[in-house]
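> Please read through the structure below; I'll follow up with questions.
The values are calculated or read from the model by the stated rules, or taken from the named source; none is laboratory data. Computed from a predicted structure; not experimentally measured. Backbone-built Cβ (ideal geometry, glycine too); neighbour counts: all protein chains shown.
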Amino acid sequence: ATNRTFTMIKPDAYEAGNSGAIIKMIEEAGFRIVAAKLTRLTEERAGQFYAVHKERPFYQDLCKYMSSGNIFAMILEKENAVADFRKLIGATNPANAEAGTIRKIFAQSIEKNAVHGSDSDENAAIEGAFFFAGTEQF
Ligand code: CMP
């Protein structure tokens, strides 16, 4: 079925000037952008977004990093969006990502890994609503 996923272009990829190239890959893979916003997280809001990782050793660094610069938040629509988008971005650690994936091409490290992708339909809805009002989704 056609459904939606949520993504952010993270501060490393935004600062490197890779937003356009990443969005081009996303559109060429058949995703339709149904919401988009250039924004910035405070450390506190990053902490809320990543609350599921609260007990992980990398949590504090992650929240600092994700609030260190601009991010490009988007909701994407496609058949099988969540799984297909995770295939397009590749493994969390770019060292393990397949050739041709967004993270293999653009990520700097396991933390500065260029893009986020929701891991389930349920989280896609929660994460999308974290950034976008219903009236901002098309
Ligand atoms: P993402 O999967 O989008 O959401 C959780 C983020 O935490 C992940 O991307 C990375 O940016 C970061 N992350 C995950 N695992 C590690 C790790 N082992 N060390 C540092 N950062 C990590």
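> Looking at segment 38-53, which of its residues are within 15 Å of the ligand (Cβ to nearest atom) and not polar (S, T, N, Q)?
Result: Leu41, Glu43, Arg45, Ala46, Gly47, Phe49, Tyr50, Ala51, Val52, His53.
> Are any of the residues in segment 13-25 within 11 Å of the ligand (Cβ to nearest atom) and touching a helix residue (DSSP H, G or I) at 6+ places or on another chain (Cβ under 8 Å)?
For segment 13-25, residues within 11 Å of the ligand (Cβ to nearest atom) and touching a helix residue (DSSP H, G or I) at 6+ places or on another chain (Cβ under 8 Å): absent.
> Within segment 110-127, how many residues are loosely packed, with under 14 Cβ neighbours inside 10 Å and either at pLDDT below 95 or among the polar types (S, T, N, Q) (or both)?
Residues meeting the conditions: 1.
> Now, a different point. Here are Ala35, Ala97, Ala73, Ala107: which of them is in contact with a helix residue (DSSP H, G or I) (Cβ under 7 Å, 6 or more places away or on another chain), modelled with pLDDT of 95 or more, small (Gly, Ala, Ser) and within 11 Å of the ligand (Cβ to nearest atom)?
Ala107
> For segment 98-109: of the residues being buried (at least 20 other Cβ atoms within 10 Å of the Cβ) and of a type in the set (A, V, I, L, M), which is nearest to Phe138 (Cα to Cα)?
Ranking the qualifying residues of segment 98-109, first place goes to Ile102.
> Can you confirm whether segment 54-70 contains a residue that is under 16 Å from Glu122 (Cα atoms) and within 12 Å of the ligand (Cβ to nearest atom)?
no
> Taking the residues in segment 81-107 that are among the charged types (D, E, K, R) and in contact with an Asp or Glu (Cβ under 8 Å, 6 or more places away or on another chain) as candidates, determine which candidate is nearest to Gly20 (Cα to Cα).
So the residue we want is Lys104.
> Let me ask something else. Before we move on, is Thr7 within 13 Å of the ligand (Cβ to nearest atom) and in a loop (DSSP other than H, G, I, E, B)?
It is false that Thr7 is within 13 Å of the ligand (Cβ to nearest atom) and in a loop (DSSP other than H, G, I, E, B).
> Inside segment 76-94, can you point out the residues that are over 16 Å from Glu127 (Cα atoms), buried (at least 17 other Cβ atoms within 10 Å of the Cβ) and within 13 Å of the ligand (Cβ to nearest atom)?
Scanning segment 76-94 gives Ile89, Gly90, Pro94.
> Okay, moving on. Quick test of your reading of the structure: Leu41 fulfils all but one of (1) over 16 Å from the mean Cα position of the chain (by Cα); (2) crowded, with 18+ Cβ neighbours inside 10 Å. Name the failing condition by number.
For Leu41, the failing item is (1).
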